[in-house]
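The values are calculated or read from the model by the stated rules, or taken from the named source; none is laboratory data. None of these values were measured; they are calculated from a predicted model. Here the Cβ is made from the backbone with ideal geometry for all residues, glycine too, and neighbour counts use every protein chain on show. Accessible surface is based on the protein model in full, side chains and every heavy atom, while ligands, DNA and RNA are left aside. Shrake-Rupley method; radii C 1.70, N 1.55, O 1.52, S 1.80 Å.
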Amino acid sequence: MPIRAVLWDIDDTIFDYAGADRTGMRQHLELAGLPGAYASVDEALDAWKAITVRHWARVAAGETDFLGQRRDRVREFLSRAMTDAEADDWFAGHVTHYEAAWALFPDVLPALDRLVPAYRHAILSNSSTDHQHRKLTALGVRDRFEAMVCAVELGISKPEAGAFHAACEALALEPHEVAYVGDEPDIDASGAVAAGLTGIWLDRRGRGGRSDLVRITGLDQLPGLLAGDTRFGAPDTFG
């Protein structure tokens with residue numbers, strides 16, 4: 001059975017989340033000041049990234065909610081007790097600069113254009129529907145995806161099979177008819193494969209080291225791969 005739809009991750013797959021987050025926080029710290037726990041802005045930015053990863057894992061595990069992880073990130077980053085209102089106010093300063101830096105990766109629109117009309121498209125994200133809907137709308141691509149399934153509302157997250165199956169159900173397709181594209185080898189590609197989809201690891205940073213996964217380093221390679229072109233050294237799982 002051929003692939004009929006492409007299911008997409010958002011952050012660091014089609015949207016440059018890491019770049020926007022780092023730029024936004026750098027600009028925020030220029031105005032708010034560098035917290036005393038950090039010797040340099042770069043050290044603070046690296047700490048912010050690690051804190052973000054840790055607290056998003058708590059969301060995925062059901063230990064906190066979307067707003068809760070934001071507030072806890074701020075408290076840990078600043079190393080001080082804060083009310084919810086204080087944490088929200090500090091985070092809002094970051095959001096202003098972060099959103100100003102929002103951008104698609106340059107290979108996204110050309111890839112989507114080449115994949116139409118051969119494939120349907122949908123989103124599966126470990127974030128919230130409202131947040132991702134607003135982001136994709138601002139980036140001008142929300143109408144490219146006929147369905148969007150997000151973990152916060154669904155109650156389960158990638159790499160759980162149920163998250164991938166819910167997205168397939170939203171498309172009224174069987175898992176083997178769907179390819180999933182994401183930037184994380186385990187959460188995205190391996191999770192998709194375990195759920196019966198074709199998982200494709202978008203390795204933008206060229207990390208490599210996973211010969212068990214279908215791997216591309218840019219979305220310009222995706223149309224050929226879906227059409228059965230395996231020149232990129234990925235396992236041939238496209239029958």
Checklist outcome for this item: Picked from the stretch 70-108 (must be hydroxyl-bearing (Ser, Thr, Tyr) and under 29 Å from Arg142 (Cβ atoms)), the residue surrounded by the most Cβ atoms within 10 Å (Cβ to Cβ) is Tyr98
Checklist entry - Among Trp48, Trp56, Trp8, which is the only one that is touching a residue at least 12 places away in the same chain (Cβ under 8 Å), under 22 Å from the mean Cα position of the chain (by Cα) and more than 26 Å from Ala163 (Cβ to Cβ)? => result Trp48
Checklist entry - When you look at Arg22, is it among the basic types (Lys, Arg), open to solvent by less than 70 Å² (accessible area, probe 1.4 Å), without any contact (Cβ under 8 Å) to a residue 60 or more places away in the chain and part of a helix (DSSP H, G or I), yes or no? => result no
Next on the checklist: Among the residues in the stretch 146-156, are any at pLDDT 95 or above, in a loop (DSSP other than H, G, I, E, B) and surrounded by fewer than 23 Cβ atoms within 10 Å (Cβ to Cβ)?
Outcome noted: yes
Item to check | In the stretch 201-239, residue least open to solvent (accessible area, probe 1.4 Å) [restricted to those that are modelled with pLDDT under 50 and β-branched (Val, Ile, Thr)] | outcome: Thr230
Next on the checklist: For the stretch 119-145, give me the residue count where each residue is modelled with pLDDT of 95 or more and either over 25 Å from Ala20 (Cβ atoms) or open to solvent by less than 30 Å² (accessible area, probe 1.4 Å) (or both).
Outcome noted: 12
Checklist entry - Pairs under 7 Å by beta carbon, first residue β-branched (Val, Ile, Thr) in the stretch 153-174, partner at pLDDT 95 or above and open to solvent by 70 Å² or more (accessible area, probe 1.4 Å), six or more apart or different chains? => result none
